[in-house]
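Here is the structure we will look at, set down as structure tokens.
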Amino acid sequence: MRPGGIVAPLAGCVVLASASLALPAMLGYDPWAWQVWGREITRGELSTDGGPSWKPLPVLGTTLLAPFGHGPRSCGWS
């Protein structure tokens, strides 16, 4: 491979990665539930009914970040 032959593929990757940021992002079911649980823990009202299996590490992370933003609000969960 030529020394300058890596520049074009690398630039293409950067362009594609940048373009992907313009697309709307949606959380999957499990991360959505972990965000809801993290917010519920800060309010002292945790309910794991109807959610996926309990994963303490993601919930700990979302609990620490809950005061800094809004979690999911549609879906009927508090």
Fill in: Given (1) surrounded by 15 or more Cβ atoms within 10 Å (Cβ to Cβ); (2) modelled with pLDDT of 85 or more; (3) under 14 Å from the mean Cα position of the chain (by Cα), number of the condition E40 does not satisfy
(3)
Worksheet item: A33: modelled with pLDDT under 85 and surrounded by 10 or more Cβ atoms within 10 Å (Cβ to Cβ), yes or no?
Response: no
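The values are calculated or read from the model by the stated rules, or taken from the named source; none is laboratory data. Please read all numbers here as calculations on a predicted model, not as lab measurements. Note that we place each Cβ from the backbone using ideal geometry, even for glycine, and neighbour counts take in every protein chain shown.
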